[in-house]
Structures are given as structure tokens and as C-alpha cells.
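Below: one structure, written as C-alpha cells.
The values are calculated or read from the model by the stated rules, or taken from the named source; none is laboratory data. All values derive from a computational prediction rather than experimental measurement. Cβ atoms come from the backbone with ideal geometry, glycine included; neighbour counts cover every protein chain shown.
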Amino acid sequence: MDIKTEAFTKSLWVFHAACSPCNNCDIEILDCLTPRHDVERFGIVLVGSVRHADVLLVTGVPNFKTKETLKKLYSQVPKPCLVIAVGSCACGRVMFRDSYNSPCSVDEIVPVDAYIPGCPPKPEAMIAGIVKLIVKARSKK
Amino acid sequence: MPELFFRYLFFPGFLFSAVVGLLAVWLDRKVTARLQWRVGPPWHQCFMDIVKLFNKEVIVPEGAKITFILAPFLGLAGVTLLTTILGRSLFSLGAGFGQDMIVVMYLLLIPVLALIIGASASGNPLASIGVSREMKLVLSYELPFILAVITVIIKTKAINLNAVLDYQAVYSSCVFSLSGLLAFLVALMCVVAKLGLGPFDISEAEQEIMGGVLIEYSGFLLAVFKIGKAILIHALSLFLIILFLGRDLSPLFLILKYSGILVAVILIKNTNPRLRIDQALRFFWGKLALLGVLAVILSLLGL
């Protein structure tokens, strides 16, 4: 493993893209930053600007408005960048599948690297998902 | 000539101060984490961040001027020169020149100017809000900071960094007198604002204007800004040591003073919520400027 990949996977800066979620997943995401789980141990921090991000974290089912926003956001992230779908909604739209205001799922808009299902997923599940994502990113390069 | 380049690029210039500065940034993150009962990042985290940023894509927004790319390097060059001058007078005694304290005061403004130039060239509305706040913040903290420096100048009767150190070596550190203590407190608050930390992170305000002045920067341009900020932390700690704590400069005491100043800055950062820009202006021009004037008067009286 070269220093590039090592540095990339040890310092993931996360931009939180909320695509019309119900806020449950967002609360659990903030749980990851609290003393009990503290993901800053692994160099993971939330950033304010999408230009600083390495990971686009998507929650919720995109509707007609957030679909365009998500597309734009993905084009604004400096590459290489990873995308995580957090929550059952972002993974597979669950009960909003046939809804009138749900045009498509997240992975039809942007290429998703990791799916973390759950309604909402526990912080432990998210950390497990991030570990899998890091393993994947390291084996890819 | 090669000696000059060595000093500028390696010790005590760019390389040394960047490494120490990035460790200081790590100390900031670690102490912050411990105060919040977290574990915090490992010591090499900031180096990892920089290496990662150098391998990222650089996005230059449409309509941005050439100054968008040049500004980070302007800031880095200025702050490196600053840290070279400060490090030379601290680590090798007798290496100062003329009235170098005035040069230092000017050089301290260059990173801020670079930030303002770069952010306003990006053409982002949130960045322009950040720029306007940054400019007001500079105007507000410069007055008390200059008053604090003037106090030291009056006390030691010197505008030369070496003469200041010599005075303190003969008598005692400036901070152990009434006027010196007041000036030190004033300067410490100004340093917090200069670093854009703590209650004065108004121009970056992650939750409010999404990184403000840095919002459009990505890849190695952001990394250059981050290194510049790290070197600035290092330089300001050295400047405070020279001005106020210059008596015993043996390595152990130097490290203790250095980390003591950093921890004080970090504690101020973590125990105060962000101020609005008008509150910050009132704080600096009101209370702190008064304290600064008081320190100047006391030093004129010889206290």
C-alpha cells in the first residue's frame, strides 16, 4: 500500500448531504462524533464546504429538487471521492419506492461505494461500514 | 547565500516550523478532544491530512482570478519569512537586525492579507461574507496588539528582538511585572483572534458560512493554506515567548513555555462560544484597548 492511499483512508473528511431525510439518520451520524464513538480517532471529521470533502455522505430518499442538488454536489467534490448511502431510505428507498415524489434512488444519481442499511443505523453499524469502505478503497488502488 | 537559503527553507524556516506547527495543530485537536472526553486523533494526523490534500484534485471556480492560485503562496512565503526572523533571534542569539520588531509586525499581516485576496478572488458569496468579517476582525485586533507590543518596547527601551531578549535575560521576564502581565493577557487574546480560533473564528464559521474564506479552496491550495496556518501558530507562540517570557531559553523551559501558551490558547478556544463580529469589535476596541492603554501608562510609570 502506498502513502497516497494510506493518507487518503486515514483522513476522510465527510460532507453531509441530506437528501430530504427524516433526520433520524442525521442524529445518529452526529452520535459518531460524540465521546462514546469518536470517529476523529481515525481522522474522520465533518467539514462545512463540499470542496474540502473526501466522502459524500447521503441520507434520505432524493425527491425532484434534491436529485438535482445531489448531482451538482457530486460534481463539486474534488476527486478522488467516495459516496456512502446511510439508512434504508438512501440504500433502497423502502416504502417510498412507488411514491409520486420519489423519482429515483441515490445510486441511480451518483455511484455509491458503501451502503449502510438500518432505520436509523446504529453508530456501530456506521463505523463497521466505514471500515469496509476503507478496506475496499485500499484494495482498489 | 546558500546559508540564507538553508535558514529560510530548513532551519528555522519552512521545514522546521511546518513540522512543529503541524504538531501544534495536532496538540490543538488532541487537547480539544480530551476536554470533550474523547480520545482524539493520533500524532501524525495533520501530516496525513496534508499528504492527502496534495493528492486531491484542485478545482478552480469559474470566473476566479489568477490571485486565487497565487494567494496561498503569498501567505506561505510571508509567514515563512516571519518565522525565520523570529526563530533566528530566538535560537541563535545576536542574529537580529535593526528594528526588526516593526518588520515582524508587518509580516504578521501578510497571511491575513493573502486570505482576504484569495477569498475575494474566488467569487463565492459566502467567501465574500467571510472576507468582510476577516477585514473587520483585523482592524479590531490590531489596535490592542500594537498597544501590547508598545508596552514591551517602553519597558525594555528597544525595538530590536535581541535587545528585548537581552533586557529580559538581565532583569526578568516582562510578564512578571504589572504592565507586562496586562500586556501579555491582551496579546494572548489578540493571538487567538489572529489564528482565527476560539470565540473569534467568525470569518471561517463552519456551521454558519461553511468555511467562509476557505470555502472554494480544494486540493493542494487548501493544503498550502493549512501549512501557512500551522506555521503562523508556531510563529505567534515564538513571538509571545520573545516579548514576554524571554528570560530562560534553555530547551526544556522553551518547550514548556511554548506548550503552555498553546494550551492557554486552546483553553480559551474551547470555553467560549463564537462571538458576532460587532461583539468582537466592541471587545477589542473597548475592554482590551483600555487594558492596553493601562499597560502602556503603567510601563511609562515604570511598573
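Listing for the model above:
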read-out	value
Among residues of the range A:57-94, those that are touching a Cys at 6+ places or on another chain (Cβ under 7 Å) and surrounded by fewer than 24 Cβ atoms within 10 Å (Cβ to Cβ), counted	4
Qualifying positions in the range B:240-259 - under 23 Å from residue B:194 (Cβ atoms) and of a type in the set (Ser, Thr, Tyr)	B:258, B:259
Residue under evaluation residue B:40, criteria (1) on the phi < 0 side of the Ramachandran plot; (2) touching an Asp or Glu at 6+ places or on another chain (Cβ under 7 Å), criterion not met	(1)
Candidates B:68, B:73, filtered to the one that is over 20 Å from residue B:161 (Cβ atoms) and within 14 Å of another protein chain (Cβ to nearest Cβ)	B:68
Within the range B:268-286, tally of residues that are in contact with a Leu (Cβ under 8 Å, 6 or more places away or on another chain) and either exposed (fewer than 13 other Cβ atoms within 10 Å of the Cβ) or within 19 Å of residue B:26 (Cα to Cα) (or both)	3
Filtered residues of the range B:1-33 (kept if part of a helix (DSSP H, G or I), closer than 15 Å to residue B:85 by Cβ and within 18 Å of the chain's Cα centre (by Cα))	B:14, B:16, B:17
Answer residue from the range B:34-46, given it is more than 8 Å from chain A (Cβ to nearest Cβ) and in a helix (DSSP H, G or I) and is nearest to the chain's Cα centre (by Cα) among those	B:46
Helices (runs of 4 or more DSSP H) wholly inside the range A:1-95 that include at least 3 residues being in contact (Cβ under 8 Å) with a residue 60 or more places away in the chain	A:3-10, A:24-31
In the range A:1-55, residue nearest to the other protein chains (Cβ to nearest Cβ) [restricted to those that are in contact with a His (Cβ under 8 Å, 6 or more places away or on another chain) and over 14 Å from residue A:126 (Cβ atoms)]	A:13
Selected residue (criterion: surrounded by the most Cβ atoms within 10 Å (Cβ to Cβ)) from residues of the range B:28-43 that are over 19 Å from residue B:258 (Cα atoms) and in contact with a Leu (Cβ under 9 Å, 6 or more places away or on another chain)	B:38
Matching option when the condition is among the hydrophobic types (A, V, I, L, M, F, W, C), closer than 23 Å to residue B:109 by Cα and within 14 Å of chain A (Cβ to nearest Cβ), among B:214, B:143, B:197	B:214
Verdict on residue B:250 being modelled with pLDDT under 90, in contact with a Ser or Thr (Cβ under 9 Å, 6 or more places away or on another chain) and not basic (Lys, Arg)	no
Listing of helices (runs of 4 or more DSSP H) fully contained in the range B:52-166 that carry 3 or more residues being touching a residue at least 60 places away in the same chain (Cβ under 8 Å) and surrounded by fewer than 21 Cβ atoms within 10 Å (Cβ to Cβ)	B:67-91, B:125-156
